[in-house]
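**Q** Provided herewith is a single structure, encoded as structure tokens, for subsequent inquiry.
Coordinate-derived values only; no laboratory data. Predicted model, so just to flag it, every value in this text is computed and none were measured. Heads up, the Cβs are rebuilt from the backbone with ideal geometry, glycines too, and the neighbour counts pull from every protein chain shown.
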Amino acid sequence: MTEPLSFVTAIFLGLFGASHCLVMCGGIAAAAGQADTAHRVRGALMFNLGRIFSYTLAGGIVGTLGLWLSELHTQMGLFLRTLAGLMLILMGLYIARWAMWLTRIEQIGKGIWSLVQPHAQKRLGRSDPVSQLTLGALWGWLPCGLIYSTLSWVAAMGDPVSGALAMFGFGLGTLPAIFSASLASAFIMGLISRSIIRVIAGALLIGYGVVTLISVWQPQLLAF
């Protein structure tokens, strides 16, 4: 099972990375919620359930990959944990708006997205629950630096269940912003995007990343 701190951290990553989520998914979320005005809440719910399912699935896959790499080479576990600490620091810098380097990582998934996007577009504007759920699941694979960075952190867990739960927590964290976008709730989106909240969250993530790096490398340095 994933550690409580890791699960909570994943929720924070999604919650305070909300402004980027709104840029990437806000428009499509609003479209999904308004495809059937009589069932707007249902449409928003289906879209977000599909999206969170894809995040959870990706977390399980990446966690399995991390486990395999760690078993393949003992030093790989050290590398993955170091990468996790660095990614937490980068995500903290991004969320606080002190450095936006994570956006460059989005280039990695453009090839995959080019295959997924046509199927997602076919479901735009449909009001039936299956299409809305499928649209969310497909949109969950949209290239996103925040998601990719979180997955890199999840890989260091080296456990499929922990990885899936962490990404489920990440998806839950993104839910307030994307759900409110689906329902056109400016109040919630404005609350999440406040600069003071972003700065506090970013500083906490940077601190967690530094602690992670210290916990990884302190035993190595003391061994010399």
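**Q** Residue 115 to residue 69: FRET efficiency via 1/(1 + (r/R0)^6), r the Cβ-Cβ distance, R0 25 Å, to the nearest 0.05?
**A** Calculated transfer efficiency: 0.50.
**Q** Let me ask something else about it. Sorted from fewest to most neighbouring beta carbons within 10 Å, what does the list 12, 47 look like?
**A** On the way: 12 21, 47 33.
The fewest-first ordering by Cβ neighbours comes to 12, 47.
**Q** Further question: Set the Förster radius R0 to 30 Å, insert the Cβ-Cβ distance between residue 79 and residue 203 as r into 1/(1 + (r/R0)^6), and round the FRET efficiency to 0.05. Numbers along the way, then the final one.
**A** Numbers: r = 26 Å, r/R0 = 0.87.
The pair residue 79/residue 203 has a calculated efficiency of 0.70.
**Q** Would you calculate the volume per residue, in Å³, of the smallest convex hull containing every Cα atom of segment 39-137?
**A** On the way: hull volume 13.2 nm³, N = 99.
It comes to 133 Å³ per residue, whole-number rounded.
**Q** Assuming 0.36 nm per residue, please report the length gained on full extension of the stretch residue 98 to residue 215 beyond their Cα-Cα distance.
**A** Extending this stretch completely gives an extra 39.6 nm.
**Q** Another question, then. What order do you get for 110, 122 when you list them from fewest to most C-beta neighbours inside 10 Å?
**A** 110, 122
**Q** Using the Cα centre of segment 95-168 as origin and beta-carbon charges of +1 (Lys, Arg) and -1 (Asp, Glu), tell me which of 152, 113, 166 is placed farthest towards the positive end of the dipole.
**A** 113
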